[in-house]
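See structure below.
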Amino acid sequence: MLFGQLALIDASLCTGGLAIVSHAESPARLKMDDDRLLLIEFQETYPRAAQMQAPLSIIGGILGFLHWLIYGGLFWLFGTFFMSAIVLFTVVAIMPINKQLMAMSTKNPVNSQSRKLIIRWGELHFIRTCFGFAAVLSFLIASLL
């Protein structure tokens, strides 16, 4: 049972971090009028958030999978799927945008391309947040069964 409890805690921590970015940080960032400052803020916060969210996503998926291997339970497998989906979705859909934004120079005037990319990034990040909530819900249901 320890793996399952740790998976639920991990998924909750991960989803909390994802939700703060989707609900608070990203909308607040977009209120900046200066696209240069908007890009600077993104480039400063993204690496810090990634250092927390990537390991939590991977560890939560591993813990859920280990619990499922040992004890079974379909909802443990669902939670594992959703935790893994966070990682896969990041690599496939979000990472190309991250790379573009991180490669942009903040020294020269930035055109509206950075703002458009950051808006798209926020929309895609919300999907990750939904995967996180689905994982927490799956692990919670599994732990109650």
| said: Against the definition (of a type in the set (Ser, Thr, Tyr), touching a Cys at 6+ places or on another chain (Cβ under 7 Å), in a helix (DSSP H, G or I) and surrounded by 19 or more Cβ atoms within 10 Å (Cβ to Cβ)), how does Ser57 come out, yes or no? | reply: yes
| Which of the residues that make up region 124-145 are free of Cβ contacts under 8 Å to residues at least 12 places away in the same chain and loosely packed, with under 11 Cβ neighbours inside 10 Å? | Leu144
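Restrict the check to region 103-112 and report whether at least one residue is in a helix (DSSP H, G or I), among the hydrophobic types (A, V, I, L, M, F, W, C) and out of contact with any Ser or Thr (no Cβ under 8 Å at 6 or more places or on another chain). Give the derivation first.
Initial filter on region 103-112 (in a helix (DSSP H, G or I)): 103.
Still in the running and among the hydrophobic types (A, V, I, L, M, F, W, C): 103.
From what is left, the residues that are out of contact with any Ser or Thr (no Cβ under 8 Å at 6 or more places or on another chain) are 103.
Yes; the residues of region 103-112 include at least one that is in a helix (DSSP H, G or I), among the hydrophobic types (A, V, I, L, M, F, W, C) and out of contact with any Ser or Thr (no Cβ under 8 Å at 6 or more places or on another chain).
Look through Phe78, Phe65 and report the one residue that is touching a residue at least 24 places away in the same chain (Cβ under 8 Å) and in a helix (DSSP H, G or I). First the steps, then the outcome.
Details: Phe65 fails: touching a residue at least 24 places away in the same chain (Cβ under 8 Å).
Of the residues listed, the single one that is touching a residue at least 24 places away in the same chain (Cβ under 8 Å) and in a helix (DSSP H, G or I) is Phe78.
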| field | Those residues of region 43-57 which are among the charged types (D, E, K, R) and more than 11 Å from Gly17 (Cβ to Cβ), in sequence order | value | Glu44
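Please work out if Arg128 is over 13 Å from Thr15 (Cα atoms) and under 22 Å from the mean Cα position of the chain (by Cα). Don't jump to the end; show me each part of the working.
Working: over 13 Å from Thr15 (Cα atoms): no; under 22 Å from the mean Cα position of the chain (by Cα): yes.
No, not satisfied.
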| query | Taking region 99-118 only, how many residues are closer than 21 Å to Arg48 by Cβ and surrounded by fewer than 15 Cβ atoms within 10 Å (Cβ to Cβ)? | reply | 5
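Looking at this structure, is Glu44 assigned to a helix (DSSP H, G or I), acidic (Asp, Glu) and farther than 19 Å from Gly132 by Cβ?
Values: assigned to a helix (DSSP H, G or I): yes; acidic (Asp, Glu): yes; farther than 19 Å from Gly132 by Cβ: yes.
When the stated conditions are applied, Glu44 passes them.
A short reminder: the numbers here are calculations on the coordinates, not readings from a lab. These numbers were taken from a predicted model, which means no experiment stands behind them. We place every Cβ from the backbone using ideal geometry, glycine too, and count neighbours over all the protein chains shown.
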